[in-house]
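Down below is the structure, laid out as structure tokens.
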Amino acid sequence: MADFSKETCSSLSRKLASGEVSSVEVVKSALARIDRLDPALHAFIKVEHEQALTDAKIADERRAKGANHPLLGVPVAVKDNILVEGGFATCGSKILENFKSPYSATVVKKLRAEGAVILGKTNLDEFAMGSSTENSAFGPTKNPWDQKTVPGGSSGGSAAAVAAGYCPISLGSDTGGSIRQPASFCGVAGLKPTYGRVSRFGLVAFASSLDQIGPFGKTVEDVAYAMNAIGGHDKMDSTSVNKPMPDLTESLKKDVKGFVVGLPKEYFIDGVDPEVRKIVMDAADILAKQGARIEEISLPHTEYAVSVYYVLATAEASSNLERYDGVKYGHRTKTPGGLGEMYAASRTEGFGAEVRRRILLGTYVLSSGYYDAYYLKAQKARTLIVEDFRNAFKKCRIILTPTAPTPPFNFGEKTSDPLQMYLSDIFTISSNLAGIPGINVPGGLSSKKTPIGIQMMAGHFDEESLMTAASAYERGRTFPDLEL
Ligand code: GLN
């Protein structure tokens, strides 16, 4: 069977368009690869063999009738907190183990309209809360580069699916780094779009003012194709912004001459692994060689970002997760008792430890007596962080930072200390608080041969500059293929 595991969306798309291969062949090969590798890697919670083959056939028929689109017939994977009508959406939680999606998310409808073939639903930390997929109720995903290490999270399954060569594109969600951090750990590209750029309709809410759906890709170009397909206004999501979606593949052809690239001094602190620091500094050199000007900048409120995030995200989560009560959705306890006992037992049995911790934290910071001291204060600090970025983007077009402070860590290394786990998102959280776009581009390998990525951020709705800079960097560096 032909192997398509190294193809990008555009190389696959060219082969499909020329008739050299059919979508059915590509999808069969992807499913065979999943059957071979995924029992160990566990990127998927559910593989939809039959549906994928049916959709591949439909894609081939559409092409025979003259349809042509970069995603037509291309296999993709979708994080299991994004609804696909008729399919499961477990969110990595026992509480939603048997929940069937009554409709499809807007992003799924858009992908299917372009002819993309969904292979299945990928693993995640329960309700997207985590940085390693170790919080999934269905067992963790392994990092395809080194199975002793975590793939990052919470969208670890989607990142691993692309890294393992199952598909060139997948979808994740990012509330505090859940696309960029696993992209960094798995050596793939991953974009968190501007808040409001991509519809959240059909994404199971974690923290609604921070959540965004975004794509993973083998390359920055793959990310551009995926964004072109999923971005844009949606009247089903009142926070989606009514702005035209630019063709991001056009941005890849531009150069970074004259771009001012800011290096925020608060992001080069002691806890950053020296190998990570070196790759980011090399990235600055690569951009400088192509005509960008590198300048030190300051984002003075950075040190508050993690605390602000864990007040606001947990507050919103405690409210969003109220609906899982054993009546309207999912798991219901078998323990007999009154209504209150039934709620309590269903939620205790259905939610894992990290989700319960966050519901408790969030309920606490919202409770009367503590609201002003925590929630209100965090909102004020959030405004200061937004202002930091607004000021920074008066001076620079792009901000360049590490994506994560370290290369991928080992399983179990941070599970006993939630704070250590929370700190792995220290560089990604601020852009969610500010609502700006951020991308991870693979940079190189650590001495242990595991991936390290760099992060770039841009101003609101300036995905175009982000893609230009990301692809300039990608062209200027080399990153090895993974053989599996
Ligand atoms: N790791 C962060 C958290 O646990 C971010 C998760 C996310 O972006 N969904 O909340």
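The values are calculated or read from the model by the stated rules, or taken from the named source; none is laboratory data. Please read all numbers here as calculations on a predicted model, not as lab measurements. Here Cβ is always computed from backbone atoms with ideal geometry, including for glycine, and neighbour counts include all displayed protein chains. Surface areas here come from the heavy atoms of the whole protein model, side chains and all, with no ligands, DNA or RNA. Shrake-Rupley method; radii C 1.70, N 1.55, O 1.52, S 1.80 Å.
Taking all protein chains as shown and a probe of 1.4 angstrom, residue 364 keeps an accessible surface of around 100 Å².
Which percentage, to the nearest 5, of the DSSP beta bridges contained in the chain is antiparallel? Once the DSSP bridges in the chain are tallied, antiparallel ones form about 70 percent.
Normalised by 2.2 N^0.38 Å, where N is the number of residues, the C-alpha radius of gyration of the range 196-349 stands at 1.49.
With a 10 Å radius around each residue's Cβ, average the other Cβ atoms per peptide and rank 217-229, 239-251, highest first.
Values: 217-229: 26.2, 239-251: 15.4.
Highest mean packing first, the order is 217-229, 239-251.
Stick to the Cα atoms of the chain, pair each with every other, and give me the Kirkwood hydrodynamic radius in Å at one decimal. Walk me through the intermediate numbers first.
Numbers: mean 1/r = 0.0451 Å⁻¹.
Result for the chain stands at 22.2 Å.
In a DSSP loop and with at most 15 other Cβ atoms within 10 Å, the trypsin sites (Lys or Arg not before Pro) in the range 245-299 are 253, 254, 257.
With all projection directions averaged, the alpha carbon convex hull of the range 329-429 covers 10.6 nm². Of the trypsin sites (Lys or Arg not before Pro) found in the range 55-91, those that fall in a DSSP loop while having at most 16 other beta-carbon atoms within 10 Å are 65. No solvent, one uniform scatterer per C-alpha: report log10 I(q)/I(0) for the range 15-67 via the Debye equation at q = 0.19, 0.26 1/Å, two decimals. So the normalised log intensities are -0.67, -0.97. Placing unit charges on the Cβ atoms of the charged side chains and taking the dipole of the chain about its Cα centre, the candidate lying farthest along the positive direction among 106, 186, 402 is 106. For residue 169, the amide hydrogen comes within under 5 Å of the amide hydrogens of 77, counting only partners 5 or more places away or on other chains and with H modelled in the peptide plane. In the chain, the DSSP-assigned H stretches of four residues or longer account for a calculated mean residue ellipticity at 222 nm of -11500 deg cm²/dmol, using -39500 (n - 2.57) per stretch and the full residue count as denominator.
Largest first, the three principal axis extents of the alpha carbons in the range 305-388 are 52, 23, 20 Å in whole numbers. Kirkwood radius, the range 94-225, all distinct C-alpha pairs, inverse of mean reciprocal distance: 14.6 Å. At q = 0.20, 0.25 Å⁻¹, what log₁₀ I(q)/I(0) does a Debye calculation on the Cα points of the range 344-385 give, no solvent, two decimals? Cα-only, vacuum Debye calculation for the range 344-385: -0.68, -0.81. Magnitude of the Cβ-charge dipole of the chain, K/R +1 and D/E -1, about the Cα centre, nearest 20 debye? Dipole size: approximately 520 debye. Solvent exposure of residue 385, expressed as accessible area, is near 0 Å², computed with a probe of 1.4 Å over the protein chains only.
Farthest toward the positive end of the dipole of the range 103-170, out of 149, 139, 167, is the Cα of 167, where the dipole comes from beta carbon charges about the Cα centre.
Rg and Dmax over the alpha-carbon atoms of the range 251-298 stand at 12.0, 37 Å. Within the assembled protein chains, the solvent-accessible surface assigned to residue 209 is about 30 Å², based on a 1.4 Å probe.
How about the range 398-467: which trypsin sites (Lys or Arg not before Pro) there are in a DSSP loop, with at most 14 other Cβ atoms within 10 Å of their Cβ?
Working: sites: 414, 448, 449; in loops: 414, 448, 449.
Listed in order of number, the matching sites are 448, 449.
Ordered from longest to shortest, the equivalent ellipsoid semi-axes for the range 428-484 are 25, 14, 8 Å, each the square root of 5 times a Cα gyration tensor eigenvalue. For the range 370-484, the Kirkwood estimate of hydrodynamic radius, built from reciprocal distances between every pair of different alpha carbons, is 16.3 Å. When the C-alpha to C-alpha distance is required to be over 22 Å, the pairs from 121/218; 79/334; 79/243 that qualify are 79/334; 79/243.
If you count only protein heavy atoms with a 1.4 Å probe, what accessible area per residue comes out for the chain, rounded to a whole Å²?
Using a 1.4 Å probe on heavy atoms only, each residue of the chain averages 38 Å².
Of the three principal axes defined by the Cα atoms of the range 33-97, the extents in descending order read 44, 27, 20 Å.
Compare the peptides 306-315, 334-343 by average per-residue count of other Cβ atoms within 10 angstrom and give them in order, highest first. Mind dumping the intermediate values first?
Values: 306-315: 22.6, 334-343: 11.2.
The packing order, highest mean first, is 306-315, 334-343.
If the segment from residue 46 to residue 373 were pulled out straight at 0.36 nm per residue, it would be longer than the present Cα-Cα gap by 113.4 nm. The lysines whose alpha-carbon is closer than 17 Å to the alpha-carbon of residue 449, local same-chain residues fewer than 8 away aside, are 142, 148, 278. Over the Cα atoms of the range 35-172, the radius of gyration divided by the Kirkwood radius equals 0.99; this is the Rg/Rh ratio.
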